[in-house]
1. When the chain is fully extended, how far beyond the present Cα-Cα distance does Glu175 get from Glu20, taking 0.36 nm per residue of separation?
2. Over the stretch 82-259, what is the relative contact order in whole percent, taking alpha-carbon pairs under 8 Å and six or more residues apart?
3. Farthest toward the dipole's positive end in the chain, which of Val104, Leu292, Val155, given Cβ charges of +1 (Lys, Arg) and -1 (Asp, Glu) about the Cα centre?
4. Rank Ile102, Ile114, Ile301 by mean-square fluctuation in a GNM of the chain with C-alpha springs under 10 angstrom and give only the top-ranked residue.
5. Cross-link candidates for Lys187: which lysines have Cα within less than 17 Å, leaving aside residues fewer than 8 places away along the same chain?
6. Determine the gain in length on full extension of the stretch Tyr278-Arg219; use 0.36 nm per residue of separation and subtract their C-alpha separation, reporting nm with one decimal.
7. Give the shape of the stretch 3-62 as rounded, prolate or oblate, defined through the alpha-carbon gyration tensor: a ≥ b ≥ c are the square roots of its eigenvalues, a/c under 1.5 means rounded, and otherwise the shape is prolate if a/b is larger than b/c and oblate if not.
8. When a/c is below 1.5 the answer is rounded, else prolate if a/b is larger than b/c, else oblate, so apply that to the stretch 85-191 with a ≥ b ≥ c taken from the square roots of the Cα gyration tensor eigenvalues.
Amino acid sequence: MILADKIMNLRKKNGWSQEELAEKMQVSRQAVSKWEGAQTVPDLEKILTLSRLFGVTTDYLLKDEIEDEECAGEPERAEVRRVSLALANEFLAWRAKAADRIAVGTFLCIVSVIPLLLLTAAADVPGHFVSENFAAGVGPVLLLVLVAPAVALFVSCGLKNAPFDFLDKEPFETEYGVDGMVRETQKAYRATYAKTNVLAVALCVLSPIPLLVGAVGEREFFAVGMLAVTLLLVGFGVALFVRAGVRLASMQKLLKEGDYARRARKKNRVREAVSTVYWLTATGVYLGWSFLSNDWHFTWIVWPLAGILFAVLMCLCNLFLDRDDEQ
């Protein structure tokens, strides 16, 4: 009996699907399918993991002449936490509140630069309606005043979500009635989700119009004012995207669907870690460049560039993760 047959027989003996074995092995379902189809062979580290999971010796797995199972102890049986109906309702209610807070924090981050832009432009208006020193001193303060509550909201959401962190980090099962309740909630929310996303898309698509109108005008302050309107529209649009997405994601997490399907969870953790490091770095670059150069009216260009580079980074990250899953 070859390795491929042994893996398949042991998996079925334990009552596991390919998805469940893939979750335990931290690989994709396609990788398990290729092992069982004799298209690829697991590396040594994964052979050792298979030996521990199935409770057999590595000799049994690797040597074709050994037909009878050679036990090496009991198969690993990790404790699985169970999500009750009450806990599921509590989680969904909390994530609905968190969605609003995260959306507000995102909006504040996007529009935080507006007071600084307006004060800087006002300082250049003939008649010195606002002095350059006032703009340089008060503008950054107002930016931080808007960013500070946004950061506080993000940190607060992270801390209050701690009791539910196991949904991301540990295997879990839902008790009777939970899936049905979540699916009904999801079904009822889909219309709202669709309308919210349509409105968000419309705001983001229309957002360049004020900027184009400002470019036609001859006054710099008017152009900056139109840029502020553009940022407001983008802020509202992105906030709506975030609010709708966080609420839907909470339902998908309990149902283990979409980005929270078992084979996608490892990828999501990697993406979240990369995203966190990336945006913290981008924020540091923006603030460092702005304070050192004092060119706040220009350094905002960091954010659109960061957005473009982030899309490229995520594409590269996905390519590497997909290639790793095939190993």
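Read-outs throughout are calculated quantities, based only on the coordinates presented, and are distinct from any laboratory measurement. Because the structure is predicted, anything quoted here is derived from the model rather than measured. When we count neighbours, we look across all protein chains shown, and the Cβ atoms used for this are built from the backbone with ideal geometry, even at glycine.
1. Values: separation 155, 0.36 × 155 = 55.80 nm, distance 1.81 nm.
In short, 54.0 nm is gained.
2. Numbers: 194 pairs, mean separation 65.6, N = 178.
Taking the mean separation of contacting Cα pairs over the length of the stretch 82-259, I get 37 percent.
3. Val104
4. Of Ile102, Ile114, Ile301, the Gaussian network model singles out Ile301 as fluctuating most.
5. Lys195, Lys253, Lys256
6. 17.6 nm
7. Numbers: a/c = 1.30, a/b = 1.14, b/c = 1.14.
Judged from the Cα gyration tensor, the stretch 3-62 comes out rounded (a/c under 1.5).
8. Numbers: a/c = 5.97, a/b = 3.11, b/c = 1.92.
Taking the square roots of the gyration eigenvalues as a ≥ b ≥ c, the stretch 85-191 is prolate.
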